[in-house]
């Protein structure tokens, strides 16, 4: 079950990375970056269950906040710049 | 947890396959919020230290609060910016609303 979760997360990371590299506009890249942050959060949680120690779990809180701040900043940038 | 990871994979496939920015954003935000919630709740059920459970729940609440706001900001910026193909080709109600002198 843990292996299945890891596999699904790796495939999802590949999809988001493809969109982040390929994406025609900057909004597509932001969507890919959001997905990448999400895969990172999920894999930290899965890894904590896998090893049984939760030393990295506060990173999840920080990652949620930083992801939101980055999204908001890039949104302001897109609005002023276009494309 | 496995279901949450599969939902995240589904969001990734949607982000690759869909055609324009708004549809991709739709696929990412909904499927991935439910996926992350399932993963975090599953991890909170599997771990038993109170610190771990508190961190997981706090991260889940923060993501649920901030993810719609962030996606709304991105969608509004994309709509207002020039030159992004949005795929809006039927009825654009927001343009009619914005044409009137309402406060933004």
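Scanning the stretch A:13-38 for residues that are surrounded by fewer than 18 Cβ atoms within 10 Å (Cβ to Cβ) and more than 24 Å from residue A:62 (Cα to Cα) turns up A:18, A:21, A:22, A:24.
Comparison of A:13, A:27, A:72 shows that the only residue that is facing another protein chain (nearest Cβ under 7 Å) and at pLDDT 85 or above is A:72. Inspect the stretch A:66-76 for any residue being over 17 Å from residue B:62 (Cβ atoms) and surrounded by fewer than 18 Cβ atoms within 10 Å (Cβ to Cβ) and give the result as yes or no. Checked the stretch A:66-76: at least one residue is over 17 Å from residue B:62 (Cβ atoms) and surrounded by fewer than 18 Cβ atoms within 10 Å (Cβ to Cβ).
So that you can scan it fast, the table gives a plain yes or no per residue for (1) under 13 Å from the mean Cα position of the chain (by Cα); (2) over 21 Å from residue B:70 (Cα atoms):
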site: A:6; (1), (2): no, yes
site: A:10; (1), (2): yes, yes
site: A:16; (1), (2): yes, no
site: A:20; (1), (2): yes, no
site: A:33; (1), (2): yes, no
site: A:40; (1), (2): yes, no
site: A:48; (1), (2): no, yes
site: A:53; (1), (2): no, yes
site: A:73; (1), (2): no, no
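For the stretch A:1-10, which positions are within 7 Å of chain B (Cβ to nearest Cβ) and either in contact (Cβ under 8 Å) with a residue 40 or more places away in the chain or in a helix (DSSP H, G or I) (or both)? Give the derivation first.
The initial filter retains those residues of the stretch A:1-10 that are within 7 Å of chain B (Cβ to nearest Cβ), namely A:1, A:4-5, A:8-9.
A:4, A:5, A:8, A:9, listed by residue number.
The values are calculated or read from the model by the stated rules, or taken from the named source; none is laboratory data. Just so you know, these numbers come straight off a predicted model, no measurement behind them. Every residue, glycine among them, receives a Cβ derived from its backbone with ideal geometry; neighbour counts consider all protein chains shown.
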